[in-house]
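Structure record follows, encoded as structure tokens.
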Amino acid sequence: MPRRRPNFARSLAVILALCVGLLTACSGGDNSGSAAGAADGEKTLRFVTVYPANTTDAHLVHTAFILNSGTVETLVGLDPQTLELYPWLAESWETDDAQNWTFHIRDGVNFHNGKPVTAEAVKASLAHAMEVNPGVVAALKIQDMEVVDDHTLKITTESVYPALISNLVHYNTVITDVSDPGDLPIGTGAFAFESFDPAGQAVLVRNTDYWDGQAKLDRVIMTANEDSNSRVLALRAGDADVIYRPSLEAIESLGNESGITVESVPGTRVYHLQFNYTGENAELWNNREFRKGMDALMNRQDIIDGVMAGQGTLAYNPFPGDWPFSPTPLDHPSGTEAALKHFEAAGLDVKDGKVTKDGQPLNLKIVTYIARPELPLIAQLMRDSAAQVGINMDIQVAENIDEYLPNNDFDVATYSVLTITRGDGAYFLNGAFGKGGAQNHGRLADPELLSMLDAYNTEIDPEARTQQAKKIGELIEEEQFNSYLVVPNETAAYRDSVSGWLTPGNEFEFQMVTKDLDIA
Amino acid sequence: MIRWLLQGLGFFFVLTIIGFLIVQLAPGDAVLSMLKVDTVAVTDAEIEALRENLGLNDPALQQYGRFLGGVLRGDFGNSLMTGKPVMTELAKAFPYTLMLAGATMVLAVVITFVLGGLAARFQGSLIDKAVGVFCTAGAALPTFWFGLLLIDMFAVRLHLLPSSGMATPAGLVLPTVALAVAIAPPYIKILRNSLIEASGREFVRAARARGVSEPVIFFKHTLRDSLIPLVTILGVSLGSLLGGAVIVEVTFGIPGVGKLAVEALARRDYGVIQAFVIIVGMAIFVINMLVDLSYRLLDPSISLKGAERV
């Protein structure tokens with residue numbers, strides 16, 4: 001009896017057709033390829049940033065997604081172009097001793113639910129932030145708050161604390177109406193949340209009652225995707241009008257595409273090498289000439305060209321750039337010859353271009369991590385340079401660098417930290433060089449530096465603080481306490497129909513969706 | 001049934017121990033994340049004080065007792081990162097993963113039956129070879145790369161589907177295809193080989209000799225006989241899909257449990273990890289039970305053998 005293949009094949013064909021039909025039916029959404037723009041008379045912009053919010057609580061959220069959304073504001077703002085502090089929801093403030101502060105809350109500002117922003121509401125907001133977030137407690141060091149009148153709030157800090165003002169820029173200190181029973185953050189920004197699913201998207205609508213003028217856009221769809229290639233594809237597919245941080249490898253090709261603009265600005269973090277002053281080779285690292293020798297092994301321009309696709313600027317101290325507290329960089333000759341001179345001055349044996357100590361080659365451990373993909377490559381460059389002068393460097397890749405380094409099992413660590421931040425050096429200098437500072441992994445305790453830091457921490461006058469921060473930066477560079485290498489650029493890409501976008505120097509301290517943002 | 005319940009109970013306690021040990025043995029804790037050390041200048045003293053305050057310095061047995069007591073009450077505590085109950089966080093993420101896993105399994109099964117069936121039916125032909133190439137390519141392609149290719153083709157070039165997110169059902173299509181193509185190859189091979197093997201068995205030849213039609217032979221005899229190994233591997237895959245297809249979830253911006261678990265690991269939000277281990281572990285246990293049950297439906301001789309042992 002002949003086989004009945006046609007029936008069998010027909011069955012399979014039916015299944016296949018059903019499958020294709022199902023997929024086609026699913027693709028019925030609006031994917032015309034063009035972002036919303038102004039086609040329907042309403043100006044809508046789609047923005048894809050990097051890190052999603054993990055909660056709708058603006059005081060607890062682990063990323064700056066909510067601040068970036070332009071829905072909330074802090075008492076003190078930071079100008080993204082000058083990095084200077086400016087009065088935001090606080091119209092002004094004064095203090096005689098940097099411990100007892102009086103804040104004058106801006107009049108005529110309403111929350112998105114229509115309630116006025118009063119000193120009482122600000123106090124409740126800050127109190128809530130401190131209740132749910134131990135980081136805010138550490139940042140603000142507030143001992144007491146007292147409402148004087150509707151628009152005057154007195155704050156007393158635990159001790160003399162001039163850094164309070166700059167810490168009020170922190171994205172977890174935004175002022176929201178914490179008495180509102182809803183789930184959405186009720187802020188004061190130019191946009192308000194229409195809906196907000198931290199796991200999905202935030203729909204922002206223009207706040208028609210905004211105190212500082214009307215936003216140009218009617219609506220913003222804001223999402224986050226941690227995969228940089230996916231963000232680039234979203235822009236190319238028309239699913240996004242603006243993306244923050246396109247992948248490094250895509251920046252050049254995006255820049256060559258018509259209809260897309262790529263913006264690249266110096267960031268406010270510095271990639272650097274931290275030296276270990278208390279580890280196995282503490283004797284070496286406590287020798288300034290040795291540190292300078294290791295610094296001379298690093299060719300900064302090679303890092304920018306070879307590792308960062310040109311998206312970086314040179315750094316020689318923790319405050320590179322042209323900021324008021326930036327030191328004038330010293331001369332840093334690099335190369336094996338310069339390095340060998342320093343190693344010889346450090347008392348090491350140099351023979352035939354190789355360095356030894358007590359007749360033995362040096363073996364050092366460099367620790368790096370992959371959260372910032374350029375850092376392991378910088379570690380490799382250092383290992384290769386060190387090998388040229390006979391120094392062996394073992395590379396260790398840590399999953400979480402801040403957990404690995406306290407074990408004290410390293411000589412050098414590649415590290416990335418915000419240094420040029422919040423208009424004030426207090427955050428960086430205390431964390432990275434203060435006694436017991438959580439980012440002082442090398443446990444440096446230089447008496448001169450600590451003394452300068454103590455003076456800085458009690459200096460009230462802003463101008464004097466700027467000058468002191470600059471002097472501390474100069475000392476750090478002169479002594480080569482760490483080796484500051486490059487400032488990675490911050491980048492964004494957007495369609496030419498977008499105007500008013502400003503790429504900030506970091507994602508932590510600025511709104512990205514602003515009232516000036518527009519789409520044609 | 002009682003045997004299964006006892007097994008389930010034992011497995012549950014093993015999972016609580018594993019969940020607890022993961023936290024004890026893993027490096028670090030949530031304190032650095034909670035204090036926002038990347039944006040706040042904190043000292044070692046402040047770090048240690050918070051650790052003490054959270055009870056992270058308590059003896060391990062005391063911590064396990066606290067943890068087990070909570071789990072037995074169905075309370076996994078609050079996420080240290082969001083302040084919300086861990087179960088709320090997981091409940092938000094699971095629907096996305098369930099949708100993705102369900103759609104993936106359906107599509108993978110369809111692909112398997114179509115391609116596995118064709119390859120078996122036309123054994124040694126060009127079709128069989130083409131299916132073989134598909135299987136090799138599907139198994140060899142890195143999922144994230146295939147996912148990006150799909151986005152490039154269907155979102156960037158053709159503008160047919162969204163590049164990421166699941167705001168509309170259309171968002172489910174590309175991640176489902178990416179995952180289904182990745183997991184289907186072994187099913188196809190297994191089904192193909194099982195079908196070929198079954199088609200040569202005596203009872204199939206006998207049915208054919210009795211003049212039974214080919215579709216009836218295929219669906220009633222050959223296919224049924226070939227399903228047991230397939231169902232086994234499908235059960236295993238479903239379990240791992242429920243655990244979250246992390247790479248696909250990240251590539252397509254899907255906020256499922258896999259992405260949640262990875263983020264929780266990065267932030268050392270161990271309450272979420274513990275709940276994830278226990279819930280997904282129990283889900284896999286139940287799926288395996290169901291797979292066992294399905295054997296009895298697919299092959300009645302299995303239940304008969306079980307009855308004989310009793």
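The values are calculated or read from the model by the stated rules, or taken from the named source; none is laboratory data. Nothing here was measured: the structure is a model prediction, and the numbers come from that model. Don't worry about glycine lacking a Cβ; one is built from the backbone with ideal geometry, like all the others, and counts go over all protein chains shown.
Before moving on, here are some points about what is shown:
- Counting the residues of the range A:398-423 that are surrounded by fewer than 19 Cβ atoms within 10 Å (Cβ to Cβ) and away from every other protein chain (no Cβ under 11 Å) gives 2.
- Of the candidates B:22, B:18, B:47, the single residue that is at pLDDT 85 or above, under 18 Å from residue B:267 (Cβ atoms) and in a helix (DSSP H, G or I) is B:47.
To keep it simple, each residue is scored yes or no on (1) assigned to a helix (DSSP H, G or I); (2) surrounded by fewer than 21 Cβ atoms within 10 Å (Cβ to Cβ); (3) within 13 Å of chain A (Cβ to nearest Cβ).
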| position | (1), (2), (3) |
| --- | --- |
| B:101 | yes, no, no |
| B:106 | yes, yes, yes |
| B:109 | yes, yes, yes |
| B:119 | yes, no, yes |
| B:131 | yes, no, yes |
| B:137 | yes, yes, no |
| B:147 | yes, no, yes |
| B:162 | no, no, yes |
| B:166 | no, no, yes |
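- Residue, nearest to residue B:277 (Cα to Cα), within the range B:50-98, restricted to residues that are facing another protein chain (nearest Cβ under 9 Å) and surrounded by fewer than 20 Cβ atoms within 10 Å (Cβ to Cβ): B:92
- Taken together, the residues in the range A:198-220 that are within 14 Å of chain B (Cβ to nearest Cβ) and over 22 Å from residue B:147 (Cβ atoms) amount to 3.
- Residues that are within 14 Å of chain B (Cβ to nearest Cβ) and not hydroxyl-bearing (Ser, Thr, Tyr), drawn from the range A:69-102: A:78
- Among the residues of the range A:110-161, those identified as without any contact (Cβ under 8 Å) to a residue 12 or more places away in the chain and in contact with a helix residue (DSSP H, G or I) (Cβ under 6 Å, 6 or more places away or on another chain) are A:134, A:137, A:138.
- Which listed residue is closer than 30 Å to residue B:15 by Cβ and at pLDDT 75 or above, from B:209, B:275, B:198: B:275
- Taking the listed residues A:445, A:455, A:464, the one that is surrounded by fewer than 21 Cβ atoms within 10 Å (Cβ to Cβ) and free of Cβ contacts under 8 Å to residues at least 12 places away in the same chain is A:464, with no other qualifying.
- The set of residues in the range A:50-66 that are touching an Asp or Glu at 6+ places or on another chain (Cβ under 8 Å) and at pLDDT 95 or above contains only A:64.
- Condition check for residue B:242 on (1) aliphatic (A, V, I, L, M); (2) more than 10 Å from the chain's Cα centre (by Cα); (3) over 13 Å from residue B:176 (Cα atoms): one failure, at (2).
- Matching entry among B:136, B:88 (being hydroxyl-bearing (Ser, Thr, Tyr) and in contact with a helix residue (DSSP H, G or I) (Cβ under 8 Å, 6 or more places away or on another chain)): B:136
- Residues satisfying the stated conditions in the range B:50-87, i.e. among the hydroxyl-bearing types (Ser, Thr, Tyr) and either outside any helix (DSSP H, G or I) or outside the structural domain of residue B:32 (by TED's automatic domain parsing) (or both): B:79, B:82
- Scanning the range B:210-222 for residues that are more than 9 Å from chain A (Cβ to nearest Cβ) and either assigned to a helix (DSSP H, G or I) or touching a residue at least 60 places away in the same chain (Cβ under 8 Å) (or both) yields B:216, B:217, B:220, B:221, B:222.
- The set of residues in the range A:424-434 that are more than 8 Å from chain B (Cβ to nearest Cβ) and either part of a loop (DSSP other than H, G, I, E, B) or surrounded by fewer than 22 Cβ atoms within 10 Å (Cβ to Cβ) (or both) comprises A:424, A:425.
- In the range A:207-297, counting only strands (runs of 3 or more DSSP E) that sit wholly within it, the ones holding 2 or more residues that are of a type outside the set (Val, Ile, Thr) span A:219-224, A:260-266, A:269-275.
- Inter-residue pairs, beta-carbon under 8 Å, first within 13 Å of chain A (Cβ to nearest Cβ) and in the range B:11-30, second crowded, with 19+ Cβ neighbours inside 10 Å and in a loop (DSSP other than H, G, I, E, B), 6+ apart: B:26/B:268; B:28/B:268; B:29/B:268; B:30/B:80; B:30/B:81; B:30/B:268; B:30/B:269
- Residue A:502 falls short on exactly one of the conditions (1) closer than 30 Å to residue A:253 by Cα; (2) modelled with pLDDT of 95 or more; (3) buried (at least 20 other Cβ atoms within 10 Å of the Cβ); (4) hydrophobic (A, V, I, L, M, F, W, C), and that condition is (3).
- Positions within the range A:116-158 being assigned to a helix (DSSP H, G or I), among the hydrophobic types (A, V, I, L, M, F, W, C) and within 14 Å of chain B (Cβ to nearest Cβ), in sequence order: A:129, A:130, A:132, A:136, A:137, A:138, A:139, A:140
- Within the set B:70, B:65, the sole residue that is within 26 Å of residue B:242 (Cα to Cα) and either of a type outside the set (A, V, I, L, M) or touching a residue at least 40 places away in the same chain (Cβ under 8 Å) (or both) turns out to be B:70.
- Residues in the range B:249-260 that are outside any loop (DSSP other than H, G, I, E, B) and buried (at least 24 other Cβ atoms within 10 Å of the Cβ): B:249, B:251, B:257, B:258, B:259, B:260.
- Those residues of the range A:352-380 which are surrounded by 18 or more Cβ atoms within 10 Å (Cβ to Cβ) and among the aliphatic types (A, V, I, L, M), in sequence order: A:355, A:362, A:364, A:366, A:367, A:375, A:378, A:379
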